[in-house]
1. State whether the residues of region 551-561 include one that is under 20 Å from the mean Cα position of the chain (by Cα), away from the ligand (no atom under 16 Å from the Cβ) and either not in a loop (DSSP other than H, G, I, E, B) or not assigned by TED's automatic domain parsing to the domain that holds residue 402 (or both).
2. Mind counting the residues in region 146-169 that are touching a helix residue (DSSP H, G or I) at 6+ places or on another chain (Cβ under 7 Å) and surrounded by fewer than 24 Cβ atoms within 10 Å (Cβ to Cβ)?
3. Those residues that are crowded, with 21+ Cβ neighbours inside 10 Å and in a loop (DSSP other than H, G, I, E, B), I need them from region 355-375; list them, please.
4. Every residue in region 582-614 that is modelled with pLDDT of 95 or more, closer than 24 Å to residue 353 by Cα and within 14 Å of the ligand (Cβ to nearest atom), please.
5. With the requirement that a residue be in a loop (DSSP other than H, G, I, E, B) and more than 23 Å from residue 456 (Cα to Cα), what does region 520-550 give you?
6. When the residues of region 303-329 are narrowed to those that are within 14 Å of the ligand (Cβ to nearest atom) and part of a strand (DSSP E or B), which ends up surrounded by the fewest Cβ atoms within 10 Å (Cβ to Cβ)?
7. Out of 352, 379, 398, 348, I need the residue that is more than 15 Å from the ligand (Cβ to nearest atom) and crowded, with 21+ Cβ neighbours inside 10 Å. Which one?
8. Got a sec? Which of 190, 185, 251, 274 is in a loop (DSSP other than H, G, I, E, B) and more than 22 Å from the chain's Cα centre (by Cα)?
Ligand code: M6R
């Protein structure tokens, strides 16, 4: 997970910046760098590897200055080597930029800049931002104007800080979308801070301003001015962070669940970062290294988990079977442990767990181990048992999930499973390098697609308000989105206490359809996937029995617009990634219903975040 720290004041910047990076280390990274401004010159130190490598480099070649920026990077474009580490600078070293996110139109912008004679010094998408700002400044624009013009050209979710030797008494920062946050810290006596996350600056100040998506700020020793990307001034709201860091982390959100739903673009970006290279299509999990021989020798994968985590395995099964042609069996962990499953040394048992401490999941892993299987896990909590006992693991990279109702720890493993399926398919010779590149390229748009759904939260809120007093409902889905229906129903029932049943739509006619009438809303998950036509006929059947229908459907789908009572629109996405996007409106729907009912959203009755007993 990339981290950003910036400082402007009267003290040496470097110790403050490096200390800030240390506070963000827990988020993970593969290289780090720092840039400071001194006597009209920008000086940079950048190193692949752990922060201590950078600290040693700075000790050997000291840097001085009272304005600076620093960064920890997870690679997305270009390998984790010194020249790809941030900050990135222009050839004259008058500009430096640090950046979290993915510039979706990076290739087009790079080609445009190269055709104008710009030479790139790195493989990163970040470097286009430097050259764009530089180009506008060379055309006579001020730093603020040049940055604004450049930022408006970027597609995707990004957080940025810019340092300029030509205007040395300011930092420019911006937040485009939800994939990277920016918090500005208001210090004492002419000191100001910028960071991607609160922990980086909390030791200096608790008076902070959170930038909203689409805002940029000019930060000087005197304070911060905030603007929209169109240049309209925005009132600067200063929040005093309470001493309780957990409460502090809630930021402007009423509940952790809402915060965590909105964190998904960033969580997904961090899930992808460090694992894929968008230029080559290569995928690598450092904690689950795989050779072609190993991938070819797997006869079967047993996927096992509980609750929300179990639903990810249903998607994983479709992906691994389609892309890698490995048979996959999914089983709820509490059943697996007692089912005497047929497992042998040629098989993998793959457990998914946010906490990594769920008793049933751990017992299922032990069962697999005893029978000689290779153990893999996808897990969020670093150092948890599910991580330690596995032969290889993928860490979710979503940061702490506080709300009992899991949200970002659902979508991130879906992306992990997609990457794993692509990699297994490639290593087994089922996918060509070209096909792998295409499948990987889609990943860069995932944070942006989720972002688009989040931008419609208010419309979903209104529908939730209308349906808040329903007592029962069905969630229907098919194929890869059957899991979306199950997960949507689980979200609603666990926090709103409304009876919600997730069902495979094709099974309705074998019994449950008898329940449908005008008091039984149907939430139909019907994106443009291979099961679309089949789902459409289920929706027609529900309508003909008088059931109100809320559909999750793809923008521009006129058939659904005509048929459903309400539609939660999602962007057009490749079907294998559709579960990642289609669940988001259902998370919001569940959240808003529970919040409107005045319930304890983050701590629902009878539930615990981590179920460590049988
Ligand atoms: O920590 P785990 O992912 O192993 O937890 C498994 C389930 O208890 C969990 O996914 C649960 O269903 C969710 N918190 C529900 O939102």
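1. No, every residue in region 551-561 fails to be under 20 Å from the mean Cα position of the chain (by Cα), away from the ligand (no atom under 16 Å from the Cβ) and either not in a loop (DSSP other than H, G, I, E, B) or not assigned by TED's automatic domain parsing to the domain that holds residue 402 (or both).
2. 5
3. 355, 356, 358, 373 - these are the residues of region 355-375 that are crowded, with 21+ Cβ neighbours inside 10 Å and in a loop (DSSP other than H, G, I, E, B).
4. 583, 586, 587, 590, 591
5. 520, 530, 531, 545, 546, 547
6. 303
7. The match here is 348.
8. Answer to the selection: 190.
The values are calculated or read from the model by the stated rules, or taken from the named source; none is laboratory data. For clarity, every value in this text was computed on a predicted model and none was experimentally measured. Neighbour counts run over all protein chains shown; Cβ positions are idealised from the backbone, glycine included.
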